[in-house]
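Heads up: the structure comes next, in structure tokens.
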Amino acid sequence: MPPPPAVLRWGQSAYETDADMALERRAAEALGLAWSVVPESPEPPDLAGVGALVVTSRVRVDAAALDRFAGRLVLTTTSGWDHIDVAAAAARGVTVARCPLARRDAVAEAAVAALTLLLRRQPALNAAARQGRWARGDLPALDALLMADATVAVVGVGVIGRRVAELLAPTGVRVLGVDPAPHPLPAATLDEALAAADAVTLHCALTPETRGLFTAERIAAMRPGAVLVNTARGKLVDPDAAVAAVREGRLRGAYLDVFPQEPWPGLAEAAAVPGVWLAPHAAGFARGLGTRVATEVGAALGAWVRGEPVPHRVSA
């Protein structure tokens, strides 16, 4: 009798406890799969006999790693997948999939909170309070905006972008969706959205088309006094340009949770700018994340074993 297909977990994130790993193991073994875990490493581990590879975002699955992999599934525990060479996987007949549901609600809630607080100018008021200044007299000039009076552009209407739109709906905000794929929101091109939107929130993947999407020139094209929120991928936005736009008063605020380089060396200087709100790639984290990841990994492996389409597949 042949041995069961092997699942190799390459890497374990700091938020994933031993109990989370045990839950993932039990899910795999209940499907008849052998399961093991190896630490993150720059070089691929022994992939002989591995049918499915489960990786974290700190593991690079490039063409060289795929050449050593005879299996048919690479699953990342994250929403983003730019650490995987999807084109090389497709050329080798390997399915690539991701786990966006584990972080969906946390990221969406962080984005909506940032939109709300920045449109109401709360970070600027808090900056004044830190200086010991009672800024009530600033309120007319700060021009706080109700969500019901605002237009928000959601750039990337996938799993997380749709959830953001759902959370925004009860506020009465006008939402525009920017995405080449069909989606349920009123659609706009990026140029149309930038001209109309009081706030832009990014939820798109990092691809060759979106890398550097918000340069200084693109940020300058945003509506004066708008808000920029990035909880997606760091290389979508030039953070220096975003901070400069807030400092110069062209944007009313920016919330940056992800950066081209992490840790970002400009953190302290940027955080001193009123209206700039920074976080250390934290939007996707909430209590129980490791358990949610283990559950989503188990669901993906179940579909794979049953020969069903693996959820949240990624194409080149």
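Take residue 66 and tell me if it is in a helix (DSSP H, G or I) and open to solvent by less than 10 Å² (accessible area, probe 1.4 Å). Criteria met by residue 66.
Return yes or no: is residue 217 touching a strand residue (DSSP E or B) at 6+ places or on another chain (Cβ under 8 Å), exposed (fewer than 15 other Cβ atoms within 10 Å of the Cβ) and without any contact (Cβ under 8 Å) to a residue 60 or more places away in the chain? So residue 217 fails the test.
Evaluate the following for residue 187: is it open to solvent by less than 50 Å² (accessible area, probe 1.4 Å) and more than 18 Å from the chain's Cα centre (by Cα)? No; evaluated as a whole, the condition is false for this residue. Suppose the filter is in contact (Cβ under 8 Å) with a residue 40 or more places away in the chain and of a type in the set (Val, Ile, Thr); does residue 227 pass it? Yes; evaluated as a whole, the condition is true for this residue. Residue 128 falls short on exactly one of the conditions (1) more than 30 Å from residue 299 (Cα to Cα); (2) open to solvent by 40 Å² or more (accessible area, probe 1.4 Å); (3) hydrophobic (A, V, I, L, M, F, W, C), and that condition is (2).
Answer yes if at least one residue in region 237-259 is open to solvent by 20 Å² or more (accessible area, probe 1.4 Å) and on the phi > 0 side of the Ramachandran plot, and no otherwise. For region 237-259, residues open to solvent by 20 Å² or more (accessible area, probe 1.4 Å) and on the phi > 0 side of the Ramachandran plot: present. Scanning region 79-94 finds one or more residues that are of a type in the set (A, V, I, L, M, F, W, C), modelled with pLDDT of 95 or more, in a strand (DSSP E or B) and crowded, with 16+ Cβ neighbours inside 10 Å.
Using beta carbons and a limit of 8 Å, which pairs, at least six apart or on different chains, have the first residue in region 153-166 and closer than 18 Å to residue 102 by Cβ and the second one open to solvent by 20 Å² or more (accessible area, probe 1.4 Å) and assigned to a helix (DSSP H, G or I)? Cβ pairs passing all conditions: 159/101; 159/104; 160/103; 160/104; 163/104; 163/105; 164/112.
The values are calculated or read from the model by the stated rules, or taken from the named source; none is laboratory data. Keep in mind it's a predicted model, so treat the numbers as computed, not measured. As a convention, Cβ positions derive from the backbone with ideal geometry for all residues, glycine included, and neighbour counts pool all protein chains shown. Note: areas computed on protein heavy atoms with side chains; ligands, DNA, RNA excluded. Shrake-Rupley method; radii C 1.70, N 1.55, O 1.52, S 1.80 Å.
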